[in-house]
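Engineer: First the structure, which I've put down as structure tokens, then a few questions once you've had a look.
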Amino acid sequence: MHPFKLAPLALAIVSSAAFADTITVVTSFPKELTTAYKAAYEKKFPQDKVEILNKGTSAGIAFVREQAAGSRPEIFWVSAPDAFEVLASEKLLQKVDVPASGIPAKVGDYPINDPEGMYRGQALAGYGMMWNTRYMQANKLPAPKEWADLMKPVYHGHVATSSPSRSGTTHLTFETILQGEGWDKGWNQILQISGNCASITERSFGVPDGVQNGQFGIGLVIDFFGLAAKASGFPTEFAYPSVTAIVPANIGLVAGAKSPEAGKRFLQFTLSDEGQQLLLDPKISRLPVLPATYAKAPKGYPNPFDGSINAKVKFDSNLSESRYYVVSSLFDQVITFRHKELVAATKAIQDAEKRLAGKASPQLEEAKKLAWSVPVSAQQAQDKELLAVFKAKKGDDAAVKRKTQIEEEWSTKAKANYVKAAELANAAK
């Protein structure tokens, strides 16, 4: 726990009427959440104004990077802990020194707050699958229980996901699979699931929206998308697979903000009992970090503090941060930009399996290896030189050139592998 100076800071919060600031919040969260917090905060602190800048996680990081010290936003508020690690490593966060009582140090074995004090857990989140019950009934699809279920041929063309480069929560979902299953088996699952996908959506919102309106049957989502849809009356269900993690959705103070004290007021409000209760709104449906708040939750509301969510993965945010850009870029080069070829290879393999009915086929096994393996080994993914190339900033021309070269190699190899895999599967006897 961090040594907070309670009395002076509490006094500063109480005497907030002396301040009048605009608080700029960079966030990836949906308008249902940000609108509720903006309205409640401005009602409590009427002399302050809250400005919401809604951006995807990667775009939010880029925005903070691009602002000059003294004119930066006050608050960075997204789900991905590794995004905060990226900002902290570049000294774009300041230590959070506001009091917040009643919030435990950990959920399970995972620290709710950053051990270095650079950001706080504001809510908790897990990752799972939501589905449209009417779509599933119409297409005679069973409800999935585990990620591995989504690799089955019965789900071909019925699944949707976003890309880690476009969505921080999607990055967390796939990073959780990689950490839970290991690099090779994890990518094998991700490629097979993606091969069953009807679409790789441009934003994480596109997945729950598509499931709600019946465009897709099943989506890989952060839990609040699934819980909020069901609570709002959509014909949907949500389930946590066992290979999931419960990690904090975080909030931090940007270093070099134009109104740092106002930023502290807003951050402390989100951690207060009043701020935590906003998470229980059916349209928001997020998991509070304040255990006492669950006493006010409706019956059946998931509670990560009472053991009702079985999360096997002990998420390593440092590992996730170290390979953040490699995982995101690799996904795009072998899945997002080659989705058509991956889907065709996956369908050809599934058709061959059905045709051969369990008969051994070296051609089919080679097709699976080509289609469902990434061109980067677990050892290569830890290579410091490779990681440095993908972390390089704009202006480092040599690194940018090398990164582009590596990405082209991944993309070219993936396309050739998928085409060959489809040929082998179609010819398998």
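Engineer: In this structure, does residue 335 turn out to be within 30 Å of residue 407 (Cβ to Cβ), open to solvent by less than 50 Å² (accessible area, probe 1.4 Å) and in contact with a Leu (Cβ under 9 Å, 6 or more places away or on another chain)?
Structural biologist: Here the answer is yes, as residue 335 does meet what is asked.
Engineer: I'm checking my understanding of the structure. Among residues of segment 314-330 that are of a type outside the set (S, T, N, Q) and open to solvent by 20 Å² or more (accessible area, probe 1.4 Å), which one is nearest to residue 89 (Cα to Cα)?
Structural biologist: My answer is 321.
Engineer: Only helices (runs of 4 or more DSSP H) wholly contained in segment 316-377 count here; list those with 1 or more residues that are within 30 Å of residue 393 (Cα to Cα) and at pLDDT 95 or above.
Structural biologist: 324-331, 339-356
This table checks each residue for (1) of a type in the set (Ser, Thr, Tyr); (2) over 29 Å from residue 283 (Cα atoms); (3) surrounded by fewer than 22 Cβ atoms within 10 Å (Cβ to Cβ).
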{"residue": "154", "(1), (2), (3)": "no, yes, yes"}
{"residue": "167", "(1), (2), (3)": "yes, no, no"}
{"residue": "187", "(1), (2), (3)": "no, yes, no"}
{"residue": "191", "(1), (2), (3)": "no, yes, no"}
{"residue": "196", "(1), (2), (3)": "no, yes, no"}
{"residue": "199", "(1), (2), (3)": "yes, no, yes"}
{"residue": "218", "(1), (2), (3)": "no, no, no"}
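Engineer: Could you look through segment 46-58, keep only residues that are under 14 Å from the mean Cα position of the chain (by Cα) and over 20 Å from residue 94 (Cα atoms), and pick out the one that is surrounded by the fewest Cβ atoms within 10 Å (Cβ to Cβ)?
Structural biologist: Here the answer is 55.
Engineer: While we're looking at this one, here's another question. Hey, can you tell me all the residues within segment 325-352 that are of a type outside the set (Phe, Trp, Tyr) and over 15 Å from residue 196 (Cα atoms)?
Structural biologist: 326, 327, 328, 329, 330, 332, 333, 352
Engineer: Considering only residues that are in contact with a helix residue (DSSP H, G or I) (Cβ under 6 Å, 6 or more places away or on another chain), more than 18 Å from residue 192 (Cβ to Cβ) and among the aliphatic types (A, V, I, L, M), which ones fall in segment 126-176?
Structural biologist: 130 - this is the single residue of segment 126-176 that is in contact with a helix residue (DSSP H, G or I) (Cβ under 6 Å, 6 or more places away or on another chain), more than 18 Å from residue 192 (Cβ to Cβ) and among the aliphatic types (A, V, I, L, M).
Engineer: Please verify whether residue 229 is open to solvent by less than 10 Å² (accessible area, probe 1.4 Å) and under 23 Å from residue 133 (Cβ atoms), treating the condition exactly as stated.
Structural biologist: Yes: the conditions hold for residue 229.
Engineer: Any chance segment 283-295 includes a residue that's touching a Phe, Trp or Tyr at 6+ places or on another chain (Cβ under 8 Å), open to solvent by less than 10 Å² (accessible area, probe 1.4 Å) and charged (D, E, K, R)?
Structural biologist: Yes, that holds for at least one residue.
Engineer: Still on this structure, please answer the following. Could you please tell me which pairs satisfy a Cβ distance under 8 Å, a separation of 6+ or placement on different chains, a first residue in segment 314-342 that is more than 28 Å from residue 419 (Cα to Cα), and a second residue that is not in a helix (DSSP H, G or I)?
Structural biologist: The qualifying pairs are 314/108; 314/109; 314/110; 314/245; 315/110; 315/245; 315/247; 317/247.
Engineer: Quick check on my filter: what residues within segment 255-269 are under 25 Å from the mean Cα position of the chain (by Cα) and either free of Cβ contacts under 8 Å to residues at least 40 places away in the same chain or crowded, with 24+ Cβ neighbours inside 10 Å (or both)?
Structural biologist: Passing the criteria: 263, 266, 267.
Engineer: Of these, 99, 81, 111, which one is open to solvent by less than 30 Å² (accessible area, probe 1.4 Å) and within 18 Å of the chain's Cα centre (by Cα)?
Structural biologist: 81
Engineer: A follow-up question, please. Tell me, which residue of segment 378-388 that is open to solvent by less than 70 Å² (accessible area, probe 1.4 Å) and assigned to a helix (DSSP H, G or I) is farthest from residue 420 (Cα to Cα)?
Structural biologist: It comes out as 388.
Engineer: Got at least one residue in segment 344-364 being open to solvent by less than 10 Å² (accessible area, probe 1.4 Å) and under 30 Å from residue 84 (Cα atoms)?
Structural biologist: no
Engineer: Also, I was wondering about something else. Select, from 357, 378, 367, 345, the only residue that is of a type outside the set (S, T, N, Q) and either touching a strand residue (DSSP E or B) at 6+ places or on another chain (Cβ under 8 Å) or without any contact (Cβ under 8 Å) to a residue 40 or more places away in the chain (or both).
Structural biologist: Every option except 357 fails the conditions.
Engineer: Mind checking whether some residue in segment 246-255 is part of a loop (DSSP other than H, G, I, E, B), touching a helix residue (DSSP H, G or I) at 6+ places or on another chain (Cβ under 9 Å) and at pLDDT 95 or above?
Structural biologist: Yes: one or more hits.
Engineer: Continuing with this model, one more query. Suppose we filter segment 389-399 for residues that are in a helix (DSSP H, G or I) and open to solvent by 70 Å² or more (accessible area, probe 1.4 Å); how many remain?
Structural biologist: Matching residues across segment 389-399 total 3.
Engineer: I need the full set of residues from segment 417-429 which are modelled with pLDDT of 90 or more and open to solvent by 60 Å² or more (accessible area, probe 1.4 Å), in order please.
Structural biologist: The answer is 419, 420, 423, 426.
Engineer: When segment 203-216 is examined, which residues are found to be outside any loop (DSSP other than H, G, I, E, B) and surrounded by fewer than 24 Cβ atoms within 10 Å (Cβ to Cβ)?
Structural biologist: Within segment 203-216, 206, 209, 210, 212 meet the criteria.
Engineer: Can you give me the number of residues within segment 51-86 that are assigned to a strand (DSSP E or B) and touching a Lys or Arg at 6+ places or on another chain (Cβ under 8 Å)?
Structural biologist: Qualifying residue count for the region: 3.
The values are calculated or read from the model by the stated rules, or taken from the named source; none is laboratory data. Since we're looking at a predicted model, the values are computed, not measured. Positions of Cβ are backbone-derived with ideal geometry, glycine not excepted, and every protein chain shown enters the neighbour counts. Ligands, DNA and RNA are excluded from the accessible area calculation, which covers all protein heavy atoms including side chains. Shrake-Rupley method; radii C 1.70, N 1.55, O 1.52, S 1.80 Å.
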